[in-house]
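Chemist: Take this structure first; my questions come after.
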Amino acid sequence: MATLTLYIQYIVNGLTLGAIYSLIALGYTMVYGILKFINFAHGDILMVGAFIGLIVYEALLGTSTSPVWMMAAFFIAMIVSMVLSALLGMFIERVAYKPLRNANRLAPLLSAIGVSFILSNGAAWIFGTQSRRFPYPFDNTPITFGGISITPHQILMLVVSVVMMVLLAFFVNKTRMGKAMRATSLDQPTSALMGINVNRVISLTFAIGSALAAVGGILAAFDFRVYPSMGTMTGLKAFVAAVIGGIGSIPGAMIGGILLGILEAVGAPLLHIPNGLKDTVAFAVLIIVLLLRPEGILGKNEREKV
């Protein structure tokens with residue numbers, strides 16, 4: 001019974017971690033679904049969003065210790081971070097990716113790597129290389145049910161992630177702009193002929209993905225702190241989640257993130273992998289998926305004519 005309780009605890013921890021991966025993976029999969037390239041600067045936008053959230057939160061909080069104001073300041077900081085990160089994503093798309101849409105596929109990929117270095121090194125120059133703690137806006141004392149512990153932070157991660165994913169699903173499936181995004185992902189030239197502003201759709205895609213990354217960065221910062229290279233590994237594992245779910249599929253990114261979080265939380269102790277090496281689980285899963293089902297869980301096996 002003790003062992004069962006322990007593994008249920010691992011699954012709970014994996015769900016909360018996977019919710020973060022899902023939020024970040026959505027940005028990768030949305031961009032790939034429309035432009036068919038991987039935005040490797042996405043993890044660094046996560047980092048910028050975490051820094052913005054921390055700075056705004058500390059500025060709003062001041063010396064106040066009011067629990068109500070602490071929570072209000074946190075959500076205000078999150079909204080500001082989402083807006084500014086969305087604008088950053090749109091700016092990067094306009095400057096670094098849009099001029100390369102008709103270039104060789106390698107060109108935007110290299111441009112994305114360049115943007116990644118600019119963001120991470122710029123953050124190190126501005127904020128320094130020391131990690132900074134993101135203070136909890138609430139008492140984070142664990143709540144225990146039948147031997148299973150969950151912290152208010154984990155509850156916040158799950159609730160915010162689920163709300164964001166539900167809102168995104170509603171937007172993509174029920175709104176006019178969401179339908180335009182789906183049409184653009186299927187066929188850009190035909191969508192343009194049908195009156196869809198493809199440039200606006202692409203900019204909106206980067207904005208939404210960047211805003212979600214900012215939320216993921218802020219939620220992850222409670223556990224991992226805020227520092228210039230925080231988006232590198234987290235971003236890579238979110239990319240793995242997108243590939244597992246089926247790159248280009250929004251439901252696939254959600255499923256892939258949750259699955260990866262659970263596999264990482266359960267796999268490391270089950271295989272007796274040291275805590276410092278637990279990241280190997282994600283990449284081992286990636287290799288297995290690429291060997292057995294390269295298109296991912298919900299991805300489509302598409303043939304390309306050369």
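Chemist: When you scan region 139-153, do you find a residue that is surrounded by 19 or more Cβ atoms within 10 Å (Cβ to Cβ) and not β-branched (Val, Ile, Thr), even just one?
Modeler: Checked region 139-153: no residue is surrounded by 19 or more Cβ atoms within 10 Å (Cβ to Cβ) and not β-branched (Val, Ile, Thr).
Chemist: Hey, which of the helices (runs of 4 or more DSSP H) in region 180-253, taking only ones fully inside, have at least 2 residues that are touching a strand residue (DSSP E or B) at 6+ places or on another chain (Cβ under 9 Å) and either crowded, with 20+ Cβ neighbours inside 10 Å or at pLDDT below 90 (or both)?
Modeler: Fully inside region 180-253 and qualifying: 198-224.
Chemist: Would you mind finding the one in MET233, MET254 that is touching a residue at least 40 places away in the same chain (Cβ under 8 Å) and either under 17 Å from VAL281 (Cα atoms) or in contact with an Asp or Glu (Cβ under 8 Å, 6 or more places away or on another chain) (or both)?
Modeler: Within the list MET233, MET254, the selection yields MET233.
Chemist: Turning to a different aspect of this structure: Is there a residue being at pLDDT below 85, farther than 16 Å from ILE218 by Cα and in a loop (DSSP other than H, G, I, E, B) anywhere in region 145-162?
Modeler: Yes, the conditions are met somewhere in region 145-162.
Chemist: Restricting to region 90-134, count the residues that are under 19 Å from MET233 (Cα atoms), of a type in the set (Lys, Arg) and assigned to a loop (DSSP other than H, G, I, E, B).
Modeler: Total meeting the criteria: 1.
Chemist: Further question: What pairs come up if the first residue lies in region 73-95 and is free of Cβ contacts under 8 Å to residues at least 24 places away in the same chain, the second is of a type outside the set (Phe, Trp, Tyr), and their beta carbons are under 8 Å apart, counting only those six or more places apart or on different chains?
Modeler: ILE76/VAL56; ILE76/LEU60
Residues are listed down the side, and each one gets a yes or a no for (1) at pLDDT 90 or above; (2) in contact with an Asp or Glu (Cβ under 9 Å, 6 or more places away or on another chain); (3) among the basic types (Lys, Arg):
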| residue | (1), (2), (3) |
| --- | --- |
| SER64 | no, no, no |
| PHE74 | yes, no, no |
| LEU87 | yes, no, no |
| PHE91 | yes, no, no |
| ARG94 | yes, no, yes |
| ARG101 | no, no, yes |
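Rundown of residues vs (1) over 20 Å from the mean Cα position of the chain (by Cα); (2) modelled with pLDDT of 90 or more; (3) surrounded by 17 or more Cβ atoms within 10 Å (Cβ to Cβ); (4) closer than 27 Å to GLY246 by Cβ, yes/no style:
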site: TYR10; (1), (2), (3), (4): yes, no, yes, yes
site: PHE40; (1), (2), (3), (4): no, no, yes, yes
site: ASP44; (1), (2), (3), (4): no, yes, yes, yes
site: VAL48; (1), (2), (3), (4): no, yes, yes, no
site: ALA59; (1), (2), (3), (4): yes, yes, no, no
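Chemist: With respect to MET177, is the statement that it is over 27 Å from LEU236 (Cβ atoms), among the hydrophobic types (A, V, I, L, M, F, W, C), assigned to a helix (DSSP H, G or I) and under 23 Å from the mean Cα position of the chain (by Cα) true?
Modeler: yes
Chemist: Follow-up. On the given criteria, is PHE117 closer than 15 Å to ASN39 by Cα and either modelled with pLDDT of 85 or more or out of contact with any strand residue (DSSP E or B) (no Cβ under 7 Å at 6 or more places or on another chain) (or both)?
Modeler: Yes, satisfied.
Chemist: Among residues belonging to region 254-290 that are at pLDDT below 80 and within 20 Å of the chain's Cα centre (by Cα), point out the one that is nearest to PHE37 (Cα to Cα).
Modeler: Taking the candidates together, the pick is ASP279.
The values are calculated or read from the model by the stated rules, or taken from the named source; none is laboratory data. None of the values given here were measured: they were computed from a predicted structure. Virtual Cβ from ideal backbone geometry, glycine too; neighbours counted across all protein chains shown.
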